[in-house]
There are 6 protein chains.
Amino acid sequence: MNAASRTILVINPNSSESVTQGLRSALAGFSSIGGPVIECVTIEHGPPGVATQRDVAEAAINTAAVIDARPDAAAYVLACYSQPGLDLARSITKSPVFGIQDAGVLSAMVLADLFGVIAVAEASIPRHLSNLRRLGVDHRLAGEVALEGDVSVADSGHGEESYGLLIRSAAKLRNLGAGAIVLGCAGMSGHRKRLEEEVGCPVIDPTQAAVAMAFGMLATASP
Amino acid sequence: MNAASRTILVINPNSSESVTQGLRSALAGFSSIGGPVIECVTIEHGPPGVATQRDVAEAAINTAAVIDARPDAAAYVLACYSQPGLDLARSITKSPVFGIQDAGVLSAMVLADLFGVIAVAEASIPRHLSNLRRLGVDHRLAGEVALEGDVSVADSGHGEESYGLLIRSAAKLRNLGAGAIVLGCAGMSGHRKRLEEEVGCPVIDPTQAAVAMAFGMLATASP
Amino acid sequence: MNAASRTILVINPNSSESVTQGLRSALAGFSSIGGPVIECVTIEHGPPGVATQRDVAEAAINTAAVIDARPDAAAYVLACYSQPGLDLARSITKSPVFGIQDAGVLSAMVLADLFGVIAVAEASIPRHLSNLRRLGVDHRLAGEVALEGDVSVADSGHGEESYGLLIRSAAKLRNLGAGAIVLGCAGMSGHRKRLEEEVGCPVIDPTQAAVAMAFGMLATASP
Amino acid sequence: MNAASRTILVINPNSSESVTQGLRSALAGFSSIGGPVIECVTIEHGPPGVATQRDVAEAAINTAAVIDARPDAAAYVLACYSQPGLDLARSITKSPVFGIQDAGVLSAMVLADLFGVIAVAEASIPRHLSNLRRLGVDHRLAGEVALEGDVSVADSGHGEESYGLLIRSAAKLRNLGAGAIVLGCAGMSGHRKRLEEEVGCPVIDPTQAAVAMAFGMLATASP
Amino acid sequence: MNAASRTILVINPNSSESVTQGLRSALAGFSSIGGPVIECVTIEHGPPGVATQRDVAEAAINTAAVIDARPDAAAYVLACYSQPGLDLARSITKSPVFGIQDAGVLSAMVLADLFGVIAVAEASIPRHLSNLRRLGVDHRLAGEVALEGDVSVADSGHGEESYGLLIRSAAKLRNLGAGAIVLGCAGMSGHRKRLEEEVGCPVIDPTQAAVAMAFGMLATASP
Amino acid sequence: MNAASRTILVINPNSSESVTQGLRSALAGFSSIGGPVIECVTIEHGPPGVATQRDVAEAAINTAAVIDARPDAAAYVLACYSQPGLDLARSITKSPVFGIQDAGVLSAMVLADLFGVIAVAEASIPRHLSNLRRLGVDHRLAGEVALEGDVSVADSGHGEESYGLLIRSAAKLRNLGAGAIVLGCAGMSGHRKRLEEEVGCPVIDPTQAAVAMAFGMLATASP
């Protein structure tokens, strides 16, 4: 870890500046006195959203380029639920790299026996399940469901329409036994607080979960 | 969760005020502007350290009494690696309760494939392993080793003698394949930073890990 | 193990003498010639039933006190499905301590690929599941269902009303694939035999299962 | 189950009458007043010991013939650690059939977190491990070791030579973390008690474990 | 392995010559220039289909006799989904022995995250599940369903009636999330290709899968 | 699957033509009469060997380009043990795509309870283990060891020096309990046959294993 640095670099691997702006809002609460600084960056030439496997493969290369260009960060957060290039990122920096799916899911497991996940689209679910198997925690998943409508990553955290879809998904997961719910997309954070109050169990925004872990490491690393 | 409150109550279930003082130092970095407030309390009539199963059983009752007396907290952190009364605590409050073993271990799993744990004493290891089985993550444990000497909980985070024992344990865990190390006692936090630098992999203080999660939840719960 | 002793002490950690009386009836068949003696005790100042987590925590302390007061037993059976203080009990005696959930579930696994559990109340199910994860056998659970009505621990083993609820639960578990059914409460034993005949698969009373194991150990420990 | 019958038929699928005689001694403690009756039979035309896979296959057929010839039993115990024909036996009788490996191993899991197994010969270990995987409990095995010498099934429970080999195996298993030891052969029962006293942890004779379960079922099945 | 030999002996352990004829058709594509030769044999005195556990036990003995009589084969394929006597077969020859359930299931896992299985009859399902647990891959099973009608092993691969039942089973498995389907009987191969085209995911004939593996080993074993 | 096509396209994602030549030799035995055709291609602008995570990420993109350019193949084999871009490849073609690690490991599990893997270099091991966890079969790994010397991918299958390193690794794996050995690199195939004869257990070349599966699918897909 770069000892002199206090910067947590949050990388949004898609080109949607409005998603990055949403991340900034979601992370605004992490203001501190002389403590870690959180900086969110957009990969401008990335895809508008990481949807296909090709998007994932390209986002991996793009993310590595950002890390190469910003060796000054003390920690990196890969702010895409598909965690494109997590292993690559780790191989090119000594600073810790947090993937938001890993951080979100493992944080949920601290709070509940079984967790559920809300995906933006059906197509992402197999990719997510594969990662849960890699983590070895798939037996603690109550279920993963996709929004029952066509919503972009950028819109998934704003407006009544997407909120309505989220609450419906959350209800399904509660019926499956989920004691905590993980938002399966970096774009959904705008709805987290309202959803948690209505659904009656912890709702985890995975970017916040990852930044909390990085923040904790930096907050406790100073002499 | 108590929406008006911003307090994270960190409960040290043993009577050692010096351990609580160590927690305060370890958590000092979580200072924030108008954000969550961290308060650490000692259970004065608790045992000097939670070592035996009887200590665990009594600490569970004592911890519940503290929670009953302090319903104002927005989140509770059970700052003992044996997590005495975690289920009981959860049953008597609507605010989230974080056990430090769960938080420490799951945080380590975000950073490494296999993790290792350093216990203060051999006798605690079966209790810890049992909890890892309950979590369903025992297959990601590289190993757990105890300090090769008689050190109290309070002394485990201070002085050259205990540091020497910690570094020896950490080296064993690295040989077993651990990519991250969890300090298996709330009292060891004073050595975390130095150990991490010397051992060359993330070293997790479990109380810091739990507080980071609670801090993240509160930091992002305001409107 | 206390070699001179032939006593199996069955501890009912709730204050319901009628439950203890039910245990005595359920265990009456274990009469032997010069063999192990089975003695059932009630914890008079315990809760009427072990329902809440606080009940569990207090029952743990109470059970330890009974063991301390009766060091003469050759084996102890903790006759409550929530196994309050099992680890504590084991830490204070050299005689074997049998928890009835562990014994009941593992006995069912000898007879069938998948087992089901009938709980007295919905609230106990998460606690039971957590223990199955600790045992590492949760993947062999076909399902656990609660009685669809408000029945006390003491009443769960007597009368047509509770029997009707039991048979309905058993039918659900059979549909889920259970090849053996475990009664998830020490109070249900009175219905075991009738239920087994009607439901067509082994029905395990967990106290009988635990006592059978203890009986076997003592029956074969004499010179 | 044959309601009128009180007989537990213990089937030794090898032709060694001295092994059957050893079973009778090991089970002598299960004498009861008007309770279950234990009857041990030898399959005279079976192999002298079930060592090879061909022995296992033939013992399966032989065991089924015994069950066909003795439909009067209320329960059957398959007294060979390789459990030849367990599935076949279950398919031809409505009475419960207990395999001694399953019963022994699951009984050990009631008493300890990790168990160890002593095999008569190296060649049996893969067959045993395969069964532990089938049970889904292989992750709780501390280890299985074979006697370091050439001992027959019949001799494995008598004399100083075989006892010396057993104690050496048990010591290895303790070093591997075993908290309970299962005798991996029906012939070893004669050494159980002495071994348990010397080694300091429960030693399970699997035939006794299976008979205890069957005994418990019958003892509690009467009106 | 018998280095001089190029013969893969495919053993149909039932007496149905029409099933063996179906195997020959299914394997006709494996014709090669100077490469492995595939020979399919019927066990004439075997049962017409391996349905009961007694059939399995007897087929094990019969299969061993075939292997003893044909030591010249370079590889053996046990062409029955219940894999009668797989361990026995392996213990009496140095040539590799392929069980078709193992080969079919593991081949499906190369192509899809979750697989489904179609059984000829409900009664075989527990036996199959038990083998999946032995393999340690039961957590990747989407489900196993039986044909909803009474079809013999020989008829399961021919005619519109059995095809209709197969397509209905396949649809159920797709709904359960299966990304590949394994035909749970050696007799079904005649329908494989048509089913695969209609159902839209890989359909694995387990005998073809096993022969492909054996063929690959022999094809690459020559100098 | 492209029904008209009979081509299995084997993609070597590194630029080493000598490795591709080695693949052609290893697969020469799959010659057939009017059956599947095996074509091996080199990615000329790829890295000389896929060693780093960056190599993996770039190889994923390159492999996808090859598949896009060759939509005529009936099946694809990704001939690199790190399986770069396996998910991406699957998302852009309807023909089946075989990763050689998955195929090699699952083929080994058909032949043995525990398998071992030989890696070219220590650095690849964590990547491989992560994939075994994703497959959910890591509990059947006896161990993975790297060659004790600096050997290139291209040299790992030729010459006495690399053979000596392979035999040493294989011996270690046998000691760890491996009943089958998987060559953890597409370049090692030249040594397979000799190694298998010397080491006394099946040695799996993963490319041969994958091609055998693809060959089987095509060989049996014709009308």
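If you count, for each residue, the other Cβ atoms within 10 Å and average over each peptide, how do A:54-66, B:131-143 line up from highest to lowest?
Ranking the peptides A:54-66, B:131-143 by packing returns A:54-66, B:131-143.
Can you list the HN-Hα couplings for region A:179-188, worked out from phi with the Karplus curve (6.51, -1.76, 1.60; θ = phi - 60°), rounded to whole Hz and with x for Gly and Pro?
After applying 6.51 cos²θ - 1.76 cosθ + 1.60, I find x, 7, 10, 9, 6, x, 6, 5, x, 7 Hz.
Report the Cα centroid-to-centroid distance between region F:129-173 and region C:73-116 in angstrom, as an integer.
44
Specify which residue in the list F:Asn62, F:Pro206, F:Ala123 is farthest towards the positive end of the charge dipole of chain F, using unit charges on the beta carbon of Lys, Arg (+1) and Asp, Glu (-1), about the Cα centre.
F:Pro206
Please give the average number of partner chain Cβ atoms lying within 10 Å of the Cβ of each residue in E:194-202, rounded to a whole number.
Mean shielding count: 1.
Taking the Cα centre as origin and putting +1 on Lys and Arg beta-carbons and -1 on Asp and Glu beta-carbons, what dipole magnitude results for region C:130-223, to the nearest 20 debye?
420
From other protein chains only, count the Cβ atoms within 10 Å of every residue's Cβ in C:89-96, then give the mean.
Taking all residues of C:89-96 together, the mean is 3.
Using DSSP H assignments, which helices in chain A have an axial alpha-carbon span of 18 Å or above and a mean Kyte-Doolittle hydropathy of -1.0 or higher?
Helices meeting the criterion: A:53-69, A:159-175, A:206-219.
Give the residue list of GluC sites (Glu not before Pro) in region D:61-164 that are DSSP loop and have at most 14 other beta-carbon atoms within 10 angstrom.
Here the sparse-neighbourhood loop sites are D:Glu148.
Using each residue's phi in region A:72-84, evaluate 6.51 cos²θ - 1.76 cosθ + 1.60 at θ = phi - 60° and report the 3J(HN,Hα) Karplus result to the nearest Hz, with x for Gly and Pro.
My calculation for region A:72-84 gives 7, 6, 8, 7, 10, 10, 8, 8, 9, 4, 7, 6, x Hz in order.
Please list, in chain and number order, the residues 5+ apart from F:Phe98 or on another chain whose amide H is under 5 Å from its amide H, with Hs placed from the backbone.
Hits under the 5 Å cutoff: F:Tyr76, F:Val77, F:Leu78.
How big, in percent, is the set of alpha carbon pairs in region F:24-137 lying more than 23 Å apart?
In whole percent, the share of Cα-Cα pairs in region F:24-137 beyond 23 Å is 35.
Compactness ratio of region E:87-223: Cα Rg over 2.2 N^0.38 Å, N = residue count?
The reported ratio for this selection is 1.05.
As an exercise, use a Förster radius of 51 Å and the Cβ-Cβ distance of D:Glu197 and A:Ser130 to find the FRET efficiency, rounded to the nearest 0.05.
0.50
Using only alpha carbons, build the gyration tensor for the protein assembly as shown and give me the equivalent ellipsoid semi-axes, biggest first, whole Å.
45, 45, 29
Would you mind checking which residues have amide H under 5 Å from E:Ile204's amide H? H placed 1.01 Å from N; only 5 or more apart, or other chain.
Correct list: E:Ile181, E:Val182, E:Leu183.
In chain C, what residue has the beta-carbon at the shortest distance from the axis of the rotation relating C to B, and what is that distance in angstrom, rounded to the whole number?
Closest to the rotation axis on chain C: C:Arg134, 2.
What's the average, rounded to a whole number, of partner chain beta-carbon atoms within 10 Å of each residue's beta-carbon in E:27-36?
Partner Cβ neighbours, averaged per residue: 5.
Positive end of the dipole of region A:157-215, charges at C-beta (+1 Lys, Arg; -1 Asp, Glu), about the Cα centre: which of A:Leu176, A:His191, A:Phe215 has its Cα farthest in that direction?
Checking the options against the dipole of region A:157-215, the answer is A:Leu176.
Quick note: the coordinates plus some simple rules give every number you see, no bench work behind them. Note that the structure is a prediction, hence the values are computed from the model and not measured. Cβ atoms come from the backbone with ideal geometry, glycine included; neighbour counts cover every protein chain shown.
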